[in-house]
Amino acid sequence: MLFRNMLIKYYAPAGSEGGDGGGAGGEGSPEITPEIEQIINDRVNTAVTGLKSKNSELLGKLKESTESLKQFEGIDPEAVRGILQRFSDDEEAKLIAGGKIDEVLNRRTERLRADTEKQIKAANDRADKAESFSNKFRDRVLGDAIRSAAAKAGALAEASDDLILRAKGTFQLNDEGEAVAVDANGDVLFGKDGKTPLTPLEWAESLKETAPHLFPRAEGTGAGGHKPNGGGSLKRSEMNANDKADYIRKHGQQAYLKLPK
């Protein structure tokens, strides 16, 4: 009908609008036969059908594209492009692309070896620091044990460092922090009874014979010496430090306190 109306409008004879016949039915108007109308309708239907088909095709592609884009939801395109760019620029990627797989493996192995060596060095440094701290702690504990034993044995106070140095060649600390005497092979040394381990006190007592200079001089062997209960009453105020230590070692603390001030 669209084409028929156009034919009527544009092919009507001039002046037909005011002519005798008037209007579209006037004389000279083209005759629209059923055949012509059928041709016009067929052309219109063909055009409309093509448009509908194209429209359906476009809608199908749009739906397909929408479904495809759903798998990329939540992905930052810029970040993806950055990763792809770095990968394309990466030297290893270029080597792999060039078929140089062995070179890539060698490089990665070298990096792994260097990283492992770095970790091992750091672990060794920590172990060395821990061992150094442990040795200092052991030396202090051992020194305190020897110093205490030397004082009980009556050694001179100024001889402490000498005694501690000597003790390091004989004593070690066990896992309980106790001073234990051992020989060159690490076997435990026993005391005079042959049954119990040698104690720091017994060891310090034995030095009176091998290193007498570490102890106060015997009474009457030098100036300033005093003989207990001899040559008059002995007073604590008249005794020097060596005399006091020697007296206490031989007679005990209580006997010393009983002496006149």
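Values computed for the structure shown
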read-out: Residue order, fewest to most beta carbons within 10 Å, for Lys244, Lys121, Lys70; value: Lys70, Lys121, Lys244
read-out: Cα-Cα over 23 Å, subset of Lys195/Lys250; Lys152/Lys192; Lys152/Lys258; Lys136/Lys192; value: Lys195/Lys250; Lys136/Lys192
read-out: Tensor-based shape of the stretch 56-190 (alpha-carbon gyration tensor, a/c under 1.5 rounded, otherwise prolate or oblate); value: prolate
read-out: Integer Hz, Karplus 6.51/-1.76/1.60 couplings in order for the stretch 158-169, x for Gly and Pro; value: 6, 8, 4, 4, 4, 5, 5, 5, 5, 5, 4, x
read-out: Computed lengthening from Asn240 to Lys195, 0.36 nm per intervening residue step minus Cα-Cα distance; value: 12.3 nm
read-out: Charge dipole (debye, nearest 20) of the stretch 157-215; +1 at Cβ of Lys and Arg, -1 at Cβ of Asp and Glu; value: 160 debye
read-out: Net charge, Ala149 excluded, C-beta distance under 11 Å - Lys, Arg +1, Asp, Glu -1; value: -1
read-out: Set of lysines with alpha-carbon distance to Lys129 below 28 Å, sequence-local pairs under 8 removed; value: Lys118, Lys121, Lys168
read-out: Taking all pairs of distinct alpha-carbon atoms in the stretch 102-261, Kirkwood radius in angstrom; value: 19.8 Å
read-out: For the stretch 157-215, diffusion coefficient by Stokes-Einstein and Kirkwood Rh (Cα), 4 °C, 1.567 mPa s, µm²/s; value: 106 µm²/s
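Here, each number is a calculation from the coordinates, and none is a lab measurement. Model, not experiment: these values are computed from the prediction. For neighbour counting, all protein chains shown are included, and Cβ atoms are generated from backbone atoms with ideal geometry for every residue, glycine included.
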